[in-house]
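Working notes for the structure below.
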Amino acid sequence: MKIIPVICLSSLLISCDKNNSPANPVLRNGVYSNGQLATGNITLSGVSAPAGYSWSEAQYNTTTNVANFIIGIACGYTASSDYRPADDFVIPAGQTWKISKISTYAIASTGVSNPFDALRLQIWNGSPAVAGTAIVYGDLTTNRLSQRLDSMICPIQNSILPAPGVTPLANTTIWKLSADVDIELTSGTYWLVYQTHHISNIDCFSPLVKSKGQRGVPGWNALVFNSLLVWQTVVDSGSPVTYPQIPQDLPFEIIYKY
């Protein structure tokens, strides 16, 4: 009687597993972040945030002693307004992302339960401000809001510049707004465009990315579709006002498999 070695049988079973075949690879989990928001639980002036909270403090240039001034940019729609922020992200060469969730951020007064009731989004294959680019996913009519969470981060202006600085107040907080997404994208540069809506039908504002000790980082290039119905670069003129203006970036996250 011929005996088949167990090790050979096991190898045969493994090689026939379709889930491990080249046509069905095991995908890895990925998280893309377009930048951080929190700057710590103590301001530059030494004021502690409320228990469990962090600050998102406007940063300053240590050489010029000029601080950023803008806390947020318009990101919502109402019966009389139609603002759309936009920022880019890059899928590396050789990768294909199966995107399942996209999260953006918006500012609301503290003490309001679930202040946002809508999130619309699009993905473009280039800057929406450039002729010839196209939408590859989404629209600005469908409400894709699937989750809303208080990030427990309070946005504030710089607490030391210009002297004597602004007294930090935890009267607003940043909410994380997420949308379930089902799209597969190959390598390249894409742009996320989004809109939010407040339950009180008032203007909404998106916070800006923070880089500690810097007013901006080379490559920051966020846009916003403004009240004049044109795309403009998101910049901060500083406090005190100085030139050149510093381009800013928008925070968002993408959950994907690759």
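The values are calculated or read from the model by the stated rules, or taken from the named source; none is laboratory data. Please read all numbers here as calculations on a predicted model, not as lab measurements. Cβ: placed from backbone, ideal geometry, glycine included. Neighbour counts: every protein chain shown. For accessibility, only protein heavy atoms count, side chains too; no ligands or nucleic acids. Shrake-Rupley method; radii C 1.70, N 1.55, O 1.52, S 1.80 Å.
Listed by first and then second residue, the pairs linking a residue in the stretch 32-46 that is at negative phi to a residue that is outside any strand (DSSP E or B) and among the hydroxyl-bearing types (Ser, Thr, Tyr), with Cβ atoms under 6 Å apart and 6 or more places separating them unless they lie on different chains, are 43/159; 44/159; 45/159.
Among residues of the stretch 229-253 that are modelled with pLDDT under 95, those with a Cβ under 8 angstrom from a residue that is surrounded by fewer than 17 Cβ atoms within 10 Å (Cβ to Cβ) and among the polar types (S, T, N, Q), sequence gap 6+ or separate chain, pair up as 242/64; 243/237. So, residue 169, is that one assigned to a strand (DSSP E or B) and at pLDDT 95 or above or not? So residue 169 does not fit the description; no.
Got a sec? Which strands (runs of 3 or more DSSP E) wholly within the stretch 49-153 have at least 2 residues that are closer than 30 Å to residue 28 by Cβ, open to solvent by less than 70 Å² (accessible area, probe 1.4 Å) and in contact with a strand residue (DSSP E or B) (Cβ under 6 Å, 6 or more places away or on another chain)?
84-109, 116-124, 135-139, 145-150
Candidates in the stretch 10-30 are the residues that are open to solvent by 100 Å² or more (accessible area, probe 1.4 Å) and at pLDDT 95 or above; of these, the one that is farthest from the chain's Cα centre (by Cα) is 28.
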